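What follows is a short report on a single structure.
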Amino acid sequence: MKEGKVKFFNESKGFGFIKDNDTNEEHFVHVSGLIDKVNEDDEVTFELQQGRKGLNAVNVKLA
(Lines give C-alpha, C1' and ligand atoms only; values in the text may rest on other atoms or scores of the structure.)
Protein backbone atom coordinates (compact mmCIF):
# COMPACT_ATOMS: atom_id res chain seq x y z
CA MET A 1 0.00 0.00 0.00
CA LYS A 2 1.14 3.51 -0.79
CA GLU A 3 0.50 6.51 1.44
CA GLY A 4 -0.51 9.99 0.40
CA LYS A 5 -2.65 13.03 0.94
CA VAL A 6 -5.81 14.06 -0.90
CA LYS A 7 -4.78 17.23 -2.73
CA PHE A 8 -8.16 17.86 -4.37
CA PHE A 9 -11.49 16.08 -4.47
CA ASN A 10 -14.68 17.26 -6.17
CA GLU A 11 -17.54 15.26 -4.67
CA SER A 12 -20.13 16.44 -7.20
CA LYS A 13 -17.96 15.39 -10.16
CA GLY A 14 -16.68 12.26 -8.41
CA PHE A 15 -12.93 12.62 -8.90
CA GLY A 16 -9.81 14.17 -7.50
CA PHE A 17 -6.07 13.79 -7.02
CA ILE A 18 -3.87 12.18 -4.39
CA LYS A 19 -0.27 13.25 -3.84
CA ASP A 20 2.05 10.29 -3.14
CA ASN A 21 4.12 10.82 0.04
CA ASP A 22 7.14 8.94 -1.37
CA THR A 23 7.38 10.27 -4.93
CA ASN A 24 5.39 13.55 -4.71
CA GLU A 25 3.58 12.42 -7.87
CA GLU A 26 -0.12 13.20 -8.19
CA HIS A 27 -2.46 10.35 -9.06
CA PHE A 28 -6.01 10.61 -10.39
CA VAL A 29 -8.69 9.06 -8.18
CA HIS A 30 -12.29 8.36 -9.21
CA VAL A 31 -15.11 7.88 -6.73
CA SER A 32 -15.32 4.23 -7.86
CA GLY A 33 -11.81 3.73 -6.43
CA LEU A 34 -12.77 4.91 -2.94
CA ILE A 35 -13.40 2.60 0.00
CA ASP A 36 -13.86 5.49 2.48
CA LYS A 37 -15.30 8.94 1.81
CA VAL A 38 -12.42 11.40 1.47
CA ASN A 39 -11.98 15.14 1.70
CA GLU A 40 -9.13 17.47 0.78
CA ASP A 41 -6.08 17.14 3.08
CA ASP A 42 -7.08 13.65 4.32
CA GLU A 43 -4.20 11.21 4.81
CA VAL A 44 -4.95 8.04 2.85
CA THR A 45 -3.52 4.69 1.78
CA PHE A 46 -4.03 3.49 -1.78
CA GLU A 47 -2.90 1.20 -4.56
CA LEU A 48 -2.15 2.12 -8.17
CA GLN A 49 -3.86 0.54 -11.15
CA GLN A 50 -3.40 1.27 -14.85
CA GLY A 51 -6.29 3.32 -16.21
CA ARG A 52 -7.10 4.74 -19.63
CA LYS A 53 -4.88 7.79 -19.15
CA GLY A 54 -2.19 6.46 -16.79
CA LEU A 55 -2.04 5.23 -13.24
CA ASN A 56 -5.12 5.70 -11.04
CA ALA A 57 -5.39 5.46 -7.27
CA VAL A 58 -7.72 2.62 -6.20
CA ASN A 59 -8.72 0.98 -2.91
CA VAL A 60 -8.38 4.41 -1.27
CA LYS A 61 -8.85 4.31 2.51
CA LEU A 62 -8.40 6.84 5.26
CA ALA A 63 -5.06 6.29 7.01
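Going by the conditions given, is Lys5 assigned to a strand (DSSP E or B), touching a Gly at 6+ places or on another chain (Cβ under 7 Å) and surrounded by fewer than 17 Cβ atoms within 10 Å (Cβ to Cβ)? In short, no. Check whether at least one residue in the stretch 39-50 is at pLDDT 95 or above, surrounded by 16 or more Cβ atoms within 10 Å (Cβ to Cβ), in contact with a Gly (Cβ under 8 Å, 6 or more places away or on another chain) and assigned to a loop (DSSP other than H, G, I, E, B), and report yes or no. Taking every residue of the stretch 39-50 in turn, none turns out to be at pLDDT 95 or above, surrounded by 16 or more Cβ atoms within 10 Å (Cβ to Cβ), in contact with a Gly (Cβ under 8 Å, 6 or more places away or on another chain) and assigned to a loop (DSSP other than H, G, I, E, B). Of the residues screened, Asn56 is one that is of a type outside the set (Ser, Thr, Tyr) and either crowded, with 17+ Cβ neighbours inside 10 Å or modelled with pLDDT under 95 (or both). Cβ-Cβ distances below 9 Å connect the following pairs, each with a first residue in the stretch 17-29 that is under 18 Å from Lys53 (Cα atoms) and outside any loop (DSSP other than H, G, I, E, B), a second residue that is at pLDDT below 95 and of a type in the set (D, E, K, R), and a separation of six or more residues or different chains: Phe28/Lys53.
Scanning the stretch 17-52 for residues that are touching a strand residue (DSSP E or B) at 6+ places or on another chain (Cβ under 7 Å) and at positive phi turns up just one, Asp41.
Is there a residue being buried (at least 17 other Cβ atoms within 10 Å of the Cβ) and touching a Gly at 6+ places or on another chain (Cβ under 6 Å) anywhere in the stretch 22-32? So far as the stretch 22-32 goes, yes, one or more of its residues are buried (at least 17 other Cβ atoms within 10 Å of the Cβ) and touching a Gly at 6+ places or on another chain (Cβ under 6 Å).
The values are calculated or read from the model by the stated rules, or taken from the named source; none is laboratory data. In this text, all values refer to a predicted model and were calculated from it rather than measured experimentally. Heads up, the Cβs are rebuilt from the backbone with ideal geometry, glycines too, and the neighbour counts pull from every protein chain shown.
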